[in-house]
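**Q** Before I ask anything, here is the structure I am working with.
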Amino acid sequence: MNIDIKQKQQRPARTLLLVDDERSILSSVKRLLRNEGYEILTAEDGLSGLDRMANAHDVGVVICDGLMLGMTGAEFLCEVKDRYPDTVRILLTGFTDPEVTNEAMRTCDLFKLLSKPWDDTELLQTVRAAFRHHESLRCGVS
């Protein structure tokens, strides 16, 4: 029993950043993930998201909307890739033009592309896998 407590204390916090210009989407995803034990940060646009990342300890996973005012999700995620290469990037979008999404997958080195409306089980499994991937990157395991 003491070992379980000690392991939980030693594991770094899992911080997730949600970026979407629709507050209802931010609320829905936060509600879905509330029992997963993540520290969840939110931002309503790309510039605010970059600011949150600059002021957070270690954001392991970012989930971003594809279409936002000011900065697209792909632009934001490419900037995250350049500044924070170990952060795992997920694009969650209702915009499914194959040419645009394929370009985002390639240029932003996305972990996963998910469509809106999302499947709760798929989103939960994707976020869990993304944090495992982030932790393996941090430990130097491929």
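Here, each number is a calculation from the coordinates, and none is a lab measurement. In this text the structure is predicted, and so the values were computed from the model without any measurement. Cβ coordinates were reconstructed from backbone atoms using ideal geometry, including for glycine residues, and neighbour counts include every protein chain displayed.
**Q** Net charge near ARG31: determine it from the other residues with C-beta under 13 Å of the C-beta of ARG31, scoring Lys and Arg +1 and Asp and Glu -1.
**A** Every neighbour counted, the sum reads +1.
**Q** I've got another one for you. Quick one: how many lysine pairs in the chain have C-alpha atoms under 25 angstrom apart, if they're 8 or more apart or on different chains?
**A** So the count works out to 6.
**Q** Please build a GNM for the chain, connecting alpha carbons under 10 Å apart, and tell me which residue among GLU99, GLU79, GLU44 fluctuates the most.
**A** Among GLU99, GLU79, GLU44, the largest GNM mean-square fluctuation belongs to GLU99.
**Q** Under a point spin-label approximation (7 Å from Cα along Cα-to-Cβ), what is the GLN125-ALA13 distance to one decimal in nm?
**A** The modelled label-to-label distance comes out at 3.0 nm.
**Q** Could you grab the relative contact order for the chain? Cα pairs under 8 Å, six or more apart, rounded to a whole percent.
**A** This gives 20 percent for the chain.
**Q** Can I ask one more? So which DSSP H runs in the chain come out at 24 Å plus along the axis (Cα) with average Kyte-Doolittle of at least -1.0?
**A** What comes out of the filter, once short or polar helices are dropped, is 120-138.
**Q** Could I ask something else about it? In segment 12-132, with Lys and Arg counted as +1 and Asp and Glu as -1 at Cβ, which of these residues, THR107, PRO85, GLY60, has the Cα nearest the positive end of the dipole, that is, farthest along it?
**A** GLY60
**Q** If you don't mind, another one. What order, most packed first, do the peptides 15-26, 105-116 have when packing is the mean number of other Cβ atoms within 10 Å of each residue?
**A** Result, highest mean Cβ count within 10 Å first: 15-26, 105-116.
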